[in-house]
Amino acid sequence: MSTTPEQFRCGYIAIVGRPNVGKSTLMNVLIGAKVSITSRKAQTTRHRITGIQTRDDAQYIYVDTPGFQTRHANALNKTLNKTVSNTLTSSDVILFLVEAGTFGPADQQVLDLLPKNVPVVLVINKSDRMKDKAVLMPFAQKVAALRDFAAIVPVSAKMRFQVDALEAEIKRHLPENPPVFGPDDITDRSEKFLAAEIVREKVFRLLGDELPYTSTVLVEQFQQEGNLRRIFCAILVERDTHKSMIIGNKGARLKEISTQSRLDMEKLFGGPVYLEIWVKVKSGWADNEAGLRAYGYE
């Protein structure tokens, strides 16, 4: 970016909300690429992922936080909750995401954690699902009464409804700064990291609630030969029964995970991918702090 306009804006935007409210989908739509995994299964985002969108007059640096974990008090969840708190205090704008028509104790818990000195935009997601639009306004007013929000924007991340309006609202609250990243950057994460996230997404998508969410993916080798990437991944699970679930009947499920993952990687990396995946049993990894660091959990 050779010419930076005088009024160029740039800043960090945290996307927060209870698990499974659509945070990762919203970030992927805002930056126009898939850098954060999406799954119907709650609590699948485990890392602070930065997605970058650069316009002529602004650079938006999105931070997708894990949904705050309240169900299990293991080492993994304590680490995740610390990540969320650190992210919030260092952001310029916070998008607080709720689902249209639904506001419960889990939403309130996240709202209570938001710092008072950062502008918070209330984003009402899945608003296209509310057949009676007359119900949306009282719902918005009810949530708006709980805090002094900088703005309220109803959206549908999936349908791309009102996403431009949301971006314009975010820009109003970004500080005047030169860009931090290059104009073509879409994430600060490595291809190796993104490869692991893609495989993890497929595992959660294809196994739904059958598989406990204490499973992760480790990229054991990542080699690039010209345009070809050779990627060798291990899916770590806690028990043998989980291993057989992932492999499936005559290896059918693992094959499907591999095929879908490879196609997504080829689309994201813009070249052919040779992918091998196997499943390993490693009990107790989610409750071992040294192990968590080894698997990339900050």
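The values are calculated or read from the model by the stated rules, or taken from the named source; none is laboratory data. Worth saying up front: this structure is predicted, and the values here are computed from it rather than measured. Note: areas computed on protein heavy atoms with side chains; ligands, DNA, RNA excluded. Shrake-Rupley method; radii C 1.70, N 1.55, O 1.52, S 1.80 Å.
Beyond 32 Å between alpha-carbons counts as too far, so tell me which of 23/142; 133/202; 192/250; 171/255; 23/192 fall in that bin. Distance filter (> 32 Å) returns 133/202; 171/255. Straight Cα distances below 16 angstrom link residue 282 to the aspartates and glutamates 220, 238, 240, with same-chain residues fewer than 8 positions distant left out. Between residue 164 and residue 252, the contour length at 0.36 nm per residue exceeds the Cα-Cα span by 27.6 nm.
Residues 242, 173 ordered from highest to lowest accessible area at a 1.4 Å probe: 173, 242.
Beyond 19 Å, how much of the Cα-Cα pair distribution for the stretch 92-211 remains, as a whole percent? So the portion of pairs separated by more than 19 Å is 62 percent.
For the stretch 232-246, backbone phi angles converted through the Karplus equation (6.51, -1.76, 1.60; θ = phi - 60°) give residue-by-residue couplings of 10, 10, 10, 8, 9, 10, 8, 9, 4, 5, 5, 4, 5, 4, 5 Hz, Gly and Pro being listed as x.
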